[in-house]
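What follows draws every value from the coordinates through simple rules; no lab data is involved. Please read all numbers here as calculations on a predicted model, not as lab measurements. Note that each Cβ is placed from the backbone with ideal geometry, even for glycine, and that neighbours are counted across all protein chains shown.
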Amino acid sequence: MGHVLTADGGTESLRVRIYDIEGTCVASHAEPYETIFSPGARAEQRPDDWWAALVAATRASLAQAGLSGDDIEAMAYATTCCTVVALDENARALRPALMWMDVRADAEAADILATGDPRLVLNGNGAGPVSAEWMIPKALWLKRNEPDIFDAAHTICEYQDYLTLRLTGARCASLNNIGLRWHYDNRGGGWASSLLDALGLADLEGKWPDRIAAPGEVVGTLSPSAAAELGLSDRVKLVQGGADALIGMIGLGVAKPGQLALITGSSHLQFGVTEHPFHANGVWGAYADIVYPGRFVVEGGQTSTGSIINWLKRFVGGDLDFDAMNEKAAALPPGSEGVIVQDHFQGNRTPYTDAQSRGAIVGLTLAHEPHHIFRAIMESIAFGTRAILDAFGAGGYRGTEITVGGGATASRLWMQIHADTAGLPVRIPASPDAPSMGSAILAAHGAGHFGTIDEGIAAMVRPGTVIEPDPRAAEQYEAIYRRYLALYPALKQTLSA
């Protein structure tokens, strides 16, 4: 039986997994790397750290599985999206990469919206705002603030493209990333040249990768030097992946119109599949063909979710026992006995797209303990998801169930809160490691085992559990949700002042 290798390049680490063609994970190993935070909501990483993590995790996974490099047929990976890097002609980073959560380019994003370019229909039907996370705002910030770096850059690309360049030598971008975050139009428009011209950024187009591949398309085989470093054969096919959350849709089996995917981790992302494009305020997309040919994807997202839980751990100090915290939090009623949180610790992605919004904990008394805040954080994140689903609904798109993948699935309480606040069943596949499973399906498809991505989903994604909403809790959450919604305009006025 053949095997495929996947990598999930996340916010805090890169994890390699090896799968057989039936969808069974036979090895898994993660290597952490550092994120450098600085004032102004800035976050950076070193691309060399990504490569070192890929090499170490690949070798460790091969050893764990008892496999040789010759046993791997193909590889594909999912990475953070909008993590932008400037490279010289030898693929060396000229500066640390601007991470997806880095929102220093807020002023540039506003200038982009002010152009009124037709491509901005992807941003709330042209009403915006444009997110400071996306490719063009970050590239414009580089040109304005670090012109020497911008001018010296031979390639400006993303985490995904950097790995592809190191592995194969190909300057190849994923249709997934560029259709999602670079305002690329796959239905005939191509690159957003008019938008770049309006910004005085026409020279950026020549710095972008000169080849585009859709998810599942074979980019090439590994270069001999890259294969040797990883301990793989240079016959291994590199199959195009994409943004972690979008590839996670494949791993969750969310491929049919009406299905909703919730990808959890340091952030939450919500995606719906539709055969007919639509654009609406507070909604991103719909994006053409970025995951499945002939289908569109509509998107929402929350910048800080699991990362707020990690913040609480650091804030409290010492070892935070999540199992004990979950048990205590589960004993509380909906509403955490009056504590409510605004989950915008690193700004808001949707439905407000406000990089300047900030987090808040409201309603504290001396009787409250850490588990109250713990539950209130989970509730607030679920409310943020509900607000996004409401924006979808206002645009005419309503899902019938939510399929969830990622770290939050480890908490049954959190999944129940999501079901109760959304009023929808929550499905958790047998393998919640959605980006890795999606990458495995793409790699197997590229290796020739499946004629389409949908066939790969049918063969490799296995059903898991379903959590139904509790009608009584859902009713209680309605009033608390209205209080949550009132926080944003109230705090925005305070922060602006």
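Exposure proxy ranking for 266, 380, based on other Cβ atoms within 10 angstrom of each Cβ and starting from the fewest, stands as 266, 380.
The ranking of 312, 122 by Cβ neighbour count inside 10 Å, starting from the fewest, reads 312, 122. For the range 304-345, what does the alpha-carbon gyration tensor say about shape, rounded, prolate or oblate, given a ≥ b ≥ c as the root eigenvalues, a/c under 1.5 as rounded, and a/b over b/c as prolate? Oblate, because a/c is 1.5 or more while a/b does not exceed b/c.
Going 7 Å from the Cα of residue 63 along its beta-carbon direction, which residues of the range 19-46 have the amide nitrogen within less than 19 Å of the resulting point? Within reach of a label on residue 63: 19, 26-33. Cβ crowding within 10 Å, taken as a proxy for footprinting-reagent exposure, orders 260, 364 from fewest neighbours to most as 364, 260. Modelled this way, with points 7 Å down the Cα-to-C-beta line, the labels at residue 203 and residue 234 are 3.6 nm from one another.
What whole-number distance in Å separates the alpha-carbon centres of the range 339-387 and the range 136-173? Computed from Cα coordinates, the inter-centre distance equals 34 Å.
Answer rounded, prolate or oblate for the range 3-245, using the Cα gyration tensor with square roots of eigenvalues a ≥ b ≥ c: rounded when a/c is under 1.5, else prolate when a/b is larger than b/c, else oblate. It comes out prolate by the Cα gyration axes.
Classify the range 181-295 as rounded, prolate or oblate from the Cα gyration tensor: take a ≥ b ≥ c as the square roots of its eigenvalues, call it rounded if a/c is under 1.5, otherwise prolate when a/b beats b/c and oblate if not. Because a/c hits 1.5 or more and a/b fails to exceed b/c, the range 181-295 counts as oblate. If R0 is taken as 30 Å, the Cβ-Cβ distance between residue 366 and residue 13 corresponds to a FRET efficiency of 0.20. Contact order, relative form, for the chain: 15 percent (alpha carbon pairs under 8 Å, 6 or more residues apart, mean separation divided by residue count). Fully extending the segment from residue 194 to residue 56, taken as 0.36 nm per residue of separation minus the present Cα-Cα distance, adds 45.4 nm. The range 249-287 and the range 1-78 have Cα centres separated by 25 Å. The alpha-carbon of residue 256 sits under 17 angstrom from the alpha-carbons of these aspartates and glutamates, leaving out residues fewer than 8 places away in its chain: 275, 289, 299, 401, 454, 455. Full extension of the chain between residue 430 and residue 322 gives 36.7 nm of extra length, using 0.36 nm per residue less the Cα-Cα distance.
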